[in-house]
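Undergrad: The structure follows.
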Amino acid sequence: MPKTTKSGKPKQGELPSTLQRSDAKAQRTFAKAHDAAADEYDDAERAHRVAYSALKHTHEKVGDHWEPKDENGPSDAQAEGGRGTSRRTAEGVDANASKRHLYDVAKRLDIAGRSTMDKDELVEAIKKENRRRSR
């Protein structure tokens, strides 16, 4: 099902709830990538994966919504590898960001124990908190 109207605007009711709480750019990125992939591949699941992949290059998941990243690019090892890669995903957390950035996100999400965590532990804690808030 198309995620955009004929004029190219995202259909709010067709977007995942985390995107409904995100900025207009995140919504447009996801919707346009989804529709282009759906036309290209005629496969809803693949279109969904392509749309999230495009979104993760420009945005990161923070709690229950998506926020613009400071720098565009892949968010984790899976996104770097592309189709056919079977690496662990960071579920929208920008695992390629600096430890300082991840610490700041953890602080905004009020994650306990963040000051003693290394970079990988921060990514895992943010993923866990994102899942909790998105339920």
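Undergrad: List the residues, sorted by chain then number, that are 5 or more residues from residue 60 or on another chain and whose placed amide H is less than 5 Å from its amide H.
TA: Amide H neighbours of residue 60, under 5 Å, 5+ apart: 67, 69.
Undergrad: For each pair in 61/107; 32/99; 6/69, compute the distance between the two Cα atoms and list the pairs where it is over 25 Å.
TA: 32/99; 6/69
Undergrad: Length gain on complete extension for the stretch residue 135 to residue 86, per 0.36 nm per residue less the alpha carbon to alpha carbon distance?
TA: 15.1 nm
Undergrad: Mean residue ellipticity at 222 nm from the helices of the chain, using -39,500 (n - 2.57) per DSSP H segment of n ≥ 4 over the full residue count, to the nearest 500 deg cm²/dmol?
TA: -15500 deg cm²/dmol
Undergrad: Report the net charge of residues surrounding residue 135, where surrounding means a beta-carbon distance below 13 angstrom and charges are Lys +1, Arg +1, Asp -1, Glu -1.
TA: +2
Undergrad: Further question on the same structure: Net charge near residue 36, counting Lys/Arg +1 and Asp/Glu -1 over other residues with Cβ under 14 Å of its Cβ?
TA: Its environment carries a net charge of 0.
Undergrad: For region 22-73, what relative contact order do you get, as a whole percent, if you take Cα pairs closer than 8 Å and at least 6 residues apart?
TA: 36 percent
Undergrad: Let me ask something else. When only the heavy atoms of the protein chains count and the probe is 1.4 Å, how do 52, 41 rank by accessible area, highest first?
TA: These residues rank, largest area first, as 41, 52.
Undergrad: Expected output is a single nm value to one decimal: the length gained when fully extending between residue 98 and residue 77, i.e. 0.36 nm times separation in residues minus the C-alpha distance. What is it?
TA: Contour length minus Cα-Cα distance gives 6.1 nm.
Undergrad: If I fit a long axis through the Cα atoms of helix 24-41 and take the longest principal axis of the Cα atoms of the chain, what angle between them do I get, 0 to 90°, rounded to 10?
TA: Taking Cα atoms only, the helix is inclined about 50 degrees.
Undergrad: Working from Cα positions, state the angle (0 to 90°, nearest 10) between the long axis of helix 99-108 and the longest principal axis of the chain.
TA: 80 degrees
Undergrad: Considering Cα pairs under 8 angstrom that are at least six residues apart, work out the relative contact order of the chain and quote it in whole percent.
TA: 19 percent
Undergrad: For the residue pair residue 107 and residue 20, what label-to-label distance in nm results when each label sits 7 Å from Cα along the Cα-to-beta-carbon direction?
TA: Here the answer is 3.3 nm between the modelled labels.
The values are calculated or read from the model by the stated rules, or taken from the named source; none is laboratory data. Because the structure is a prediction, the values reported are computed rather than measured. Here the Cβ is made from the backbone with ideal geometry for all residues, glycine too, and neighbour counts use every protein chain on show. Quick note on the areas: whole protein, heavy atoms, side chains included, nothing else; ligands and nucleic acids left out. Shrake-Rupley method; radii C 1.70, N 1.55, O 1.52, S 1.80 Å.
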